[in-house]
1. Being in contact with a helix residue (DSSP H, G or I) (Cβ under 9 Å, 6 or more places away or on another chain), under 28 Å from B:I105 (Cα atoms) and buried (at least 20 other Cβ atoms within 10 Å of the Cβ) is true for just one of A:I105, A:I135. Which residue is that?
2. Looking only at segment B:136-192, count every residue that is within 13 Å of chain A (Cβ to nearest Cβ) and assigned to a loop (DSSP other than H, G, I, E, B) and tell me the total.
3. Restricting attention to segment B:6-16, does a residue exist that is within 12 Å of the chain's Cα centre (by Cα), among the basic types (K, R), at pLDDT below 95 and within 23 Å of B:E134 (Cα to Cα)?
4. Residues of segment A:64-109 being closer than 20 Å to A:Y169 by Cβ, aliphatic (A, V, I, L, M) and touching a Phe, Trp or Tyr at 6+ places or on another chain (Cβ under 7 Å), which ones?
5. When you go through (1) among the polar types (S, T, N, Q); (2) closer than 17 Å to B:D49 by Cα; (3) in contact with a Leu (Cβ under 8 Å, 6 or more places away or on another chain) one by one for B:T72, which number turns out not to apply?
6. If you go through segment B:2-21, how many residues are touching a residue at least 12 places away in the same chain (Cβ under 8 Å), surrounded by fewer than 16 Cβ atoms within 10 Å (Cβ to Cβ) and among the charged types (D, E, K, R)?
7. Is at least one residue of segment A:122-129 within 14 Å of chain B (Cβ to nearest Cβ) and surrounded by fewer than 16 Cβ atoms within 10 Å (Cβ to Cβ)?
There are 2 protein chains.
Amino acid sequence: MNDKSYIFASESPRRKALIKLLDRSFVFTPSKSDEKLDRELSFEEAIMDIALQKALSVSGEYHGRLVLGADTLVVLNKDVFGKPKNEEQAYEMLSALSGETHSVITGVAMVRDGQHKLFYSKANVTFDKMSDQEIRAYIQSEEPFNKAGAYAIQGLAAKHITKIEGDYYAVMGLPLAKLYQHIKAFENNTLF
Amino acid sequence: MNDKSYIFASESPRRKALIKLLDRSFVFTPSKSDEKLDRELSFEEAIMDIALQKALSVSGEYHGRLVLGADTLVVLNKDVFGKPKNEEQAYEMLSALSGETHSVITGVAMVRDGQHKLFYSKANVTFDKMSDQEIRAYIQSEEPFNKAGAYAIQGLAAKHITKIEGDYYAVMGLPLAKLYQHIKAFENNTLF
């Protein structure tokens, strides 16, 4: 690990692939937080709080280094969709999303020792009406598992998504444009 | 080539990767049209017309088969941006897009013998302000070449893109959700 690397408390393959587009050196490490959603906060605050928990769970091991955490929420009519634990939950989530517009919010935390900066980015995503057969076929692909809201926008769900409003990369799991601006600010010593 | 394959008059690696998400069998073949933009048409009509030229340029070789063509336009303040031919043109395009919102329109043509169906899908894309150094670095990556508007939304340009409104896949070069609906209509004999 070179001294200029940043730390990313994530093991998500999607987030790892995305952050490479920022052209910086990152070290990945699993977060040790339990990712519990605080229901007393707004969705935006709650997801930034989880991102902060992730970053703080490992920052003690990396003194003086920039540590990132990120997490993503899918929200439909005030209901929060996490990762489906089984086929049944995936089916319920996808049936609910079918023909509707939902929100996706990704929160990011940037931590260095005692300092931190939080931000989020969001988008609205509209699904076409999916038939029962289409939902079942999508679940069979196994893509829904381990994904908030039971779908991957850049994967086999793409053919069912008619419209996006907002930050596409927040939907994928990491708001690249905002993160890039914040990292430049960090490098210019104007972030903290 | 099996009898159920569809034909796609495209050799774009991006379009090939996208159309695989539709879970159908496709044969790819280069189009033989000169892709000339008809300035007397609206942008939407003009790009559908080019998609049609592409499909028709090969459909004579595939009697009774469904043949697709597609093309993408980038439009900023009534100026059309095609593929940059050199660094200078890439620089001009990216400088113009910097800090602005532009439109991306993808037209699609579906042809079978004498019948055809045309449609398009579009999105507005907002770029952050990019510095001269950032534009030069992006051109050095060579990603801008061979791409309408001199950028790839899913590539190294991602960190400069703050917002999308509309069909993300139209920006990538193939409107998957609309195409999927049209292909289902074709298979149900309700398209033509």
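The values are calculated or read from the model by the stated rules, or taken from the named source; none is laboratory data. Fair warning: this is a prediction, and the values are worked out from it, not measured in the lab. Neighbour counts run over all protein chains shown; Cβ positions are idealised from the backbone, glycine included.
1. Numbers: A:I135 fails: under 28 Å from B:I105 (Cα atoms).
Among A:I105, A:I135, only A:I105 is in contact with a helix residue (DSSP H, G or I) (Cβ under 9 Å, 6 or more places away or on another chain), under 28 Å from B:I105 (Cα atoms) and buried (at least 20 other Cβ atoms within 10 Å of the Cβ).
2. 12
3. Scanning segment B:6-16, I find no residue that is within 12 Å of the chain's Cα centre (by Cα), among the basic types (K, R), at pLDDT below 95 and within 23 Å of B:E134 (Cα to Cα), so the answer is no.
4. A:L66, A:L68, A:L73, A:V74, A:V75, A:L97, A:I105, A:V108
5. Result: B:T72 passes all but (3).
6. Residues of segment B:2-21 that are touching a residue at least 12 places away in the same chain (Cβ under 8 Å), as a first pass: B:2, B:4-12, B:14-16, B:18-19, B:21.
Subset that is surrounded by fewer than 16 Cβ atoms within 10 Å (Cβ to Cβ): B:2, B:4-5, B:11, B:16.
Of the ones still in play, those that are also among the charged types (D, E, K, R) are B:4, B:11, B:16.
Qualifying residue count for the region: 3.
7. Residues of segment A:122-129 that are within 14 Å of chain B (Cβ to nearest Cβ), as a first pass: A:122-129.
Applying the additional criterion that residues be surrounded by fewer than 16 Cβ atoms within 10 Å (Cβ to Cβ) yields A:124, A:129.
Yes - at least one qualifying residue is present in segment A:122-129.
Each row is one residue, and each column tells you yes or no for (1) more than 14 Å from chain A (Cβ to nearest Cβ); (2) aliphatic (A, V, I, L, M).
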position: B:R15; (1), (2): no, no
position: B:T29; (1), (2): yes, no
position: B:E35; (1), (2): yes, no
position: B:D38; (1), (2): yes, no
position: B:S42; (1), (2): yes, no
position: B:A46; (1), (2): yes, yes
position: B:G69; (1), (2): yes, no
position: B:P84; (1), (2): yes, no
position: B:E88; (1), (2): yes, no
